[in-house]
Amino acid sequence: MDTNTFIAKYYPAAGDAKICDLKRWLAHVEKLIEAENTEPQKALANQDFLCKTFYISKTSGVSRPSYQKIKEFLLSLLDFYGVKTTIPARETVLASQEVTSFFPALAAVIALIDNAGEKKLDNYDPHIDLLHIKSIVVLGWYGLSLEEAASLKKNQIVKTGSGESKKHYISLKDNIEISETAFNILKRFSSTDEYRGFPGGKMISVISDLDYLFLPTRSDNDRIKAINLADILKRFNPSASDMGYAIYYRNLRKSALFKDVYEDKTTRKTCRNIMKYFGCNSTMAYGFEKEYNQWKAVCKL
């Protein structure tokens, strides 16, 4: 993009502050076009792309004055490239950045992780890559706190019986029964001594002679802390947000319990089912019911 030519043509008399804002915005648009790996004209004809141009940083909002300012810049840029299209309304721009952190099933969260892995990592293998993220998700889904997840040991992931009587557990004070899929994710991760980081893909080696499921990368640490697991999800979420999702640890268990509430047909009273599965009183259940309805809407139930 010839920034100087663009500014000279459309903003010859603009003040220093406006030129500074314009250059910053143009640099943002240039990065977006590079990420799309396409021609500017094609990118600017896409409504989803235009929505992204309003967000100069991942933490920035779109106030009404900000929307009007960028809309003006966009109209000039569209004219510069000869692209004829409409500018998305502010409501559309805001909706484009909304993410959901509720999921209909554990499989949906795993599929999201695999989708992000395929987009970000070369030669992505869902059986061996991003098992550290999947393991955090599995433990959150089954109700472990981050502290419990960080201190979980490999020998607490247990299988008993065989054939139809086979069961899989996380052994804490009480055994937590888990699915075979969840068990396999945890067991595969427990046998790794290195894995690819995300999103960069750099190989990370761990201290493998310790008993914990989540192992430290430095010999001066005896184990990973809860905050380290939270940071792993934080690093993943920018990629998830590109697909309209975010993984918030606290909402993994909620999603699992909302699924139980939905599938329990013993009573038609939602509030009573919420009290049953969340172990809460009626006042708290009414609060959870609002989130339950959000979960149903997200899951299209």
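A short reminder: the numbers here are calculations on the coordinates, not readings from a lab. Predicted model, so just to flag it, every value in this text is computed and none were measured. Ideal geometry is used to build each Cβ from the backbone, glycine not excepted, and the neighbour counts take in all protein chains shown.
With R₀ set to 25 Å, the beta-carbon distance separating Ile204 from Lys154 gives a calculated FRET efficiency near 0.90. Applying 1/(1 + (r/R0)^6) with R0 = 25 Å to the Cβ-Cβ distance of Cys280 and Thr92, what FRET efficiency is obtained, to the nearest 0.05? Efficiency at R0 = 25 Å is approximately 0.10. The Rg/Rh ratio of the chain, with Rg taken over Cα atoms and Rh as the Kirkwood radius over Cα pairs, comes to 1.07.
Normalised by 2.2 N^0.38 Å, where N is the number of residues, the C-alpha radius of gyration of the range 4-149 stands at 1.38. Computed over neighbours whose Cβ is under 15 Å from that of Gln47, the net charge equals +2, Lys and Arg +1, Asp and Glu -1. Bridgeable aspartates and glutamates around Lys225 (alpha carbons under 14 Å apart, same-chain partners fewer than 8 residues away excluded): Glu147, Glu148. Note that the range 172-189 has calculated 3J(HN,Hα) couplings of 10, 4, 10, 5, 9, 6, 10, 6, 5, 4, 4, 4, 5, 4, 5, 5, 5, 5 Hz, one per residue in order, obtained from phi through the Karplus relation 6.51 cos²θ - 1.76 cosθ + 1.60 (θ = phi - 60°); glycine and proline are x. Toward the positive end of the charge dipole of the range 3-96, with +1 on the Cβ of Lys and Arg and -1 on the Cβ of Asp and Glu, the farthest Cα among Val29, Leu50, Gly15 is that of Gly15. Taking θ as phi - 60° and the Karplus parameters 6.51, -1.76 and 1.60, the scalar couplings of the range 116-122 work out to 5, x, 5, 7, 9, 10, 5 Hz in sequence order, x denoting glycine and proline. Near Arg196, the amide H atoms lying under 5 Å from its own belong to Leu130, Ile204; only residues 5 or more places off or on other chains count, and H is placed 1.01 Å from N. For the range 1-106, trypsin sites (Lys or Arg not before Pro) meeting the loop criterion (DSSP other than H, G, I, E, B) and having at most 10 other Cβ atoms within 10 Å: Lys58, Lys84.
Alpha-carbon geometry of the range 205-301: the Rg and the Dmax are 18.4, 55 Å, given in that order.
For Thr100, the residues 5 or more places off, or on other chains, whose built amide H falls under 5 Å of its own are Tyr245, Ala246. In the range 252-298, one over the average inverse separation of all distinct C-alpha pairs is 10.4 Å, which is the Kirkwood hydrodynamic radius.
Cross-link partners for Lys259 among the lysines, with Cα-Cα distance under 27 Å and sequence neighbours closer than 8 places in the same chain left out: Lys134, Lys159, Lys166, Lys167, Lys173, Lys187, Lys234, Lys269, Lys276, Lys290, Lys296, Lys300. 3J(HN,Hα) along the range 206-217, derived from phi through the Karplus expression 6.51 cos²θ - 1.76 cosθ + 1.60 where θ = phi - 60°, amounts to 10, 7, 8, 8, 9, 8, 6, 5, 9, 9, x, 9 Hz, with x in place of Gly and Pro.
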